[in-house]
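The values are calculated or read from the model by the stated rules, or taken from the named source; none is laboratory data. Keep in mind it's a predicted model, so treat the numbers as computed, not measured. Heads up, the Cβs are rebuilt from the backbone with ideal geometry, glycines too, and the neighbour counts pull from every protein chain shown.
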Amino acid sequence: MRLLLTGFLFIASSARAQIDSVFFRRVFNEALENGQAYSRLGELCKTIGSRLSGSPQADKAVAWGKQMLSGYGFDSVYLQPVMVPRWERSKTEALSFTSAVFNTAIKGEKLQDFNCEAFEELPLKPSKNHKIPAVALGGSVGTSGKLQAGIVSVHSDAQLDSLGKAGVLKGKMVLLNRPFPETYLNTFRAYGACVGQRVNGASKATAFGAVAVLVRSMSNRCDLHAHTGVMIYDDKQSKIPAMAVATAVANLLDKLSQQDPNLRISMELGCQSMPDAPSANVVAETRGSNYPKSIITFGGHFDSWDQGEGAHDDGAGCMHAFEALRLLKSIGYQPRHTLRCVWWMNEENGLRGATEYAAVAGKNNEKHLAALESDRGGFTPRGFGVDSVFLPKVLKYKALLDAYSIGEIEKGGGGADIGPIRKVNPNAVLVGFIPDSQRYFDVHHSETDVFESVNKRELHLGAAAVAVMIAILDQELD
Ligand SMILES: [Zn+2]
């Protein structure tokens, strides 16, 4: 009897589930009929809102997350403590300009001259001091009092270098004004081409004697919303304040800077860096029935910038991961390996959560077979970026993935939060979730990244896509 029973269990537990059209249908039906991601994202965005690392809202979000996940009957839900950097915006945050020619400069201009349909919305009334939609970049130092200077607009690193060497930038504010290349189909590529000016621009400009930088917002859209994001100082250079300005304003200042030699910008910033603060990654898992010590991890980052509600970036990715775990559980899927949903803290300005996650994994001798990250928003899913070594296994499911419009499989997976796992498990397969990219930078890091900008069906389709990919990894990896 004992032998028979053991034999039966062995057969039952080693049998692999069929990841077929019936399986896909069940996952997608559950997501589309009973999906939880959208309502939970709404709770997060509307009861807590933005979640900048180390802020009281981030603390509240961690407590909410643990309690919410505990209600779904997963095998375990826990917090993984981590210290995070803390930078805080101040109410003192203002940018304005005075220009003798401003009114005449725009008089008679056609809107298309600014290549911006939103230009007519500019709340710039003829007056002495024109307020500019602008926000401090994350990590920026403040100003001591009001900082006033003339402005020079530059469109490339080469121009920054040549103007700097000519001494033109000394004592000036520099507008780093390289726009997204509109011809790039994937907007993340355009972001990659421009984001250097936001991250390192202040230290480059200060080397030439600049007193502050304004950075054109990282967006395809021409509008009046400023997009913040991380900036990093070179310790060898003096630190100058840095703000993002809305794209429409960057266009205007660029034009005015050429027409008005007396254009003056005034900046006042009270933001500051503070001591590290305690925080946590939030984890939920379903234990594997065959290999509980082998882990497939998937998630997004739980922190966000303090503009908007962090809905697409990256509340959506966190909800994709939680919902994928829930979907697989609710259709009765028995994972072979342990499935672990992680909401990493502090991706935006430090990556401390992901770094700590990998360090703990190393300390505990955990074996990560794979890691999947969703950090490109909650838009219609298209496919996945997959490590080349695992590509042939995914392509076996290409017809099924195509049937659900998620068959765009790119070579090369990864993401900021899952990268560190490779340090402890060099063979872990990395996968990046890829949704449609066209609208992401309309809202990224700005006041428009709110719950209302997320579409319920798109979010739920994304969660279902993540769930089927997790099941494929679970079945194909050993
Ligand atoms: Zn993000």
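Entry remark, segment 290-321: residues being more than 10 Å from the ligand (Cβ to nearest atom) and out of contact with any strand residue (DSSP E or B) (no Cβ under 9 Å at 6 or more places or on another chain) number 3 in total.
Among the candidates LYS125, LYS46, single out the residue that is modelled with pLDDT of 95 or more and either in the same structural domain as TRP305 (by TED's automatic domain parsing) or assigned to a loop (DSSP other than H, G, I, E, B) (or both).
Working: LYS125 fails: modelled with pLDDT of 95 or more.
Selected residue: LYS46, the only one of LYS125, LYS46 that is modelled with pLDDT of 95 or more and either in the same structural domain as TRP305 (by TED's automatic domain parsing) or assigned to a loop (DSSP other than H, G, I, E, B) (or both).
Consider LEU339 carefully, then state whether it is outside any helix (DSSP H, G or I), at pLDDT 95 or above and either more than 16 Å from the ligand (Cβ to nearest atom) or under 14 Å from LEU430 (Cα atoms) (or both). In short, yes. Here MET319 passes the criteria (1) more than 17 Å from LEU44 (Cα to Cα); (2) in contact (Cβ under 8 Å) with a residue 40 or more places away in the chain except the one numbered (1).
Kindly evaluate ASP375 against the criterion of being within 15 Å of the ligand (Cβ to nearest atom) and within 26 Å of the chain's Cα centre (by Cα). So ASP375 fits the description; yes.
Only helices (runs of 4 or more DSSP H) whose full extent lies in segment 414-478 are considered here, and none of them has at least 2 residues that are farther than 21 Å from HIS225 by Cα, away from the ligand (no atom under 14 Å from the Cβ) and free of Cβ contacts under 8 Å to residues at least 60 places away in the same chain.
Looking across segment 378-396 at every residue that is among the aromatic types (Phe, Trp, Tyr) and surrounded by 22 or more Cβ atoms within 10 Å (Cβ to Cβ), the one that is farthest from the ligand (Cβ to nearest atom) is identified as PHE384.
Note on segment 342-372: residues that are away from the ligand (no atom under 12 Å from the Cβ), among the charged types (D, E, K, R) and touching a strand residue (DSSP E or B) at 6+ places or on another chain (Cβ under 9 Å) amount to 4. Among the residues of segment 347-394, how many are hydrophobic (A, V, I, L, M, F, W, C) and in a loop (DSSP other than H, G, I, E, B)? Final tally of qualifying residues: 2.
Would you say ILE232 is more than 14 Å from ASP157 (Cα to Cα), assigned to a loop (DSSP other than H, G, I, E, B), of a type in the set (A, V, I, L, M) and within 19 Å of the chain's Cα centre (by Cα)? Criteria met by ILE232.
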